[in-house]
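K.L.:
Pasting in a structure now, in structure tokens, and then I'll have a few things to ask.
The values are calculated or read from the model by the stated rules, or taken from the named source; none is laboratory data. Computed from a prediction, not measured in an experiment: that's the story for all the values here. Please note: Cβ atoms are built from the backbone with ideal geometry, for glycine as well, and neighbour counts cover all protein chains shown.
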Amino acid sequence: MKKLFVTIYFISAILFAQATPNSLLKNFKPFETPRTNCRPGTVYRISEDGVRFVVQDVKQIKSSVSNDGTLIGQMTFTSDELLTMLNLNFNTPFITAEVEIKNATREFTEQANVDLVLWENDVAEDIMLDEESQYYLIRETVASQNITFRFSRNSFAQLTTGKLSLKEKGGEGVDFPYELSKKFKEPKRFFYLEEKIKMP
């Protein structure tokens, strides 16, 4: 009976996450840690046993840059993502947070350039050598020197480690009163949009 309850709980959590799409950076994923590498044009692979490897930064794929100002909205993360990214350990599989990205820098690739480099110039054939792996191309990234994550009271109650790193910034009427800010001397990439690639 207990095993059945746990199974239903996790299925419900997954359905909840799927039913609440991000209002900010739809379909983007967080990097494990903030970084200056892994620009758009980087190819990585997931091995048969689920291990991720960076294959190559394909220099021939050019990326453009736009300054998007301050972005703010809700994003849903897994507990593992928040543990590796923010060192916060939640006792729940999914957490919705309000994210504020100040002076966001968006880097992105153009489809025509990607097609030319990977397929017409046969770069994909040279780097996609493991038939058992799944390959992905980073198409866009979002970077910032100043980013803030805000959490609800319910999410705060689910924290098992990391409560002392959050500051309470709002009163009773605030939806996300607990926040954690990260500031850097140079912009760090926090989020990316990927595209699965495979040989024709």
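Rundown of residues vs (1) within 13 Å of Leu86 (Cβ to Cβ); (2) under 18 Å from the mean Cα position of the chain (by Cα); (3) modelled with pLDDT of 95 or more, yes/no style:
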{"residue": "Tyr135", "(1), (2), (3)": "no, yes, yes"}
{"residue": "Arg139", "(1), (2), (3)": "no, yes, yes"}
{"residue": "Asn146", "(1), (2), (3)": "no, yes, yes"}
{"residue": "Ala157", "(1), (2), (3)": "no, no, yes"}
{"residue": "Lys169", "(1), (2), (3)": "no, no, no"}
{"residue": "Glu172", "(1), (2), (3)": "no, no, no"}
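K.L.:
Within the bounds of the stretch 186-198, is there any residue that is modelled with pLDDT under 95, in contact with a helix residue (DSSP H, G or I) (Cβ under 9 Å, 6 or more places away or on another chain) and acidic (Asp, Glu)? Before the answer, list the steps.
P.N.:
First, the residues of the stretch 186-198 that are modelled with pLDDT under 95: 198.
Next, from what is left, pick out any that are in contact with a helix residue (DSSP H, G or I) (Cβ under 9 Å, 6 or more places away or on another chain): 198.
From the residues that got through so far, the ones that are acidic (Asp, Glu) too are none.
No: zero hits.
K.L.:
Oh, and also: Just checking, does the stretch 32-54 include any residue being at pLDDT 95 or above, of a type outside the set (Phe, Trp, Tyr), in contact with a Leu (Cβ under 7 Å, 6 or more places away or on another chain) and under 24 Å from Asp126 (Cβ atoms)?
P.N.:
The answer is yes, given that some residue of the stretch 32-54 is at pLDDT 95 or above, of a type outside the set (Phe, Trp, Tyr), in contact with a Leu (Cβ under 7 Å, 6 or more places away or on another chain) and under 24 Å from Asp126 (Cβ atoms).
K.L.:
Residue check, Ser155 against (1) buried (at least 16 other Cβ atoms within 10 Å of the Cβ); (2) in a strand (DSSP E or B), all met but one. Which one?
P.N.:
Here Ser155 meets the rest and fails (2).
K.L.:
Here is a list: Thr161, Thr141. Which entry is touching a residue at least 24 places away in the same chain (Cβ under 8 Å), loosely packed, with under 13 Cβ neighbours inside 10 Å and either closer than 27 Å to Glu110 by Cα or polar (S, T, N, Q) (or both)?
P.N.:
Numbers: Thr141 fails: loosely packed, with under 13 Cβ neighbours inside 10 Å.
After ruling out the rest, the residue left standing is Thr161.
K.L.:
Here's something else I'd like to know. Give the stretch 182-200 a look and list any residue that's of a type in the set (Lys, Arg), crowded, with 16+ Cβ neighbours inside 10 Å and either over 10 Å from the mean Cα position of the chain (by Cα) or under 28 Å from Glu132 (Cα atoms) (or both), or say none.
P.N.:
So in the stretch 182-200, the residues of a type in the set (Lys, Arg) come out as 182-183, 185, 188-189, 196, 198.
Applying the additional criterion that residues be crowded, with 16+ Cβ neighbours inside 10 Å yields 188-189.
Scanning the stretch 182-200 gives a single hit, Lys188.
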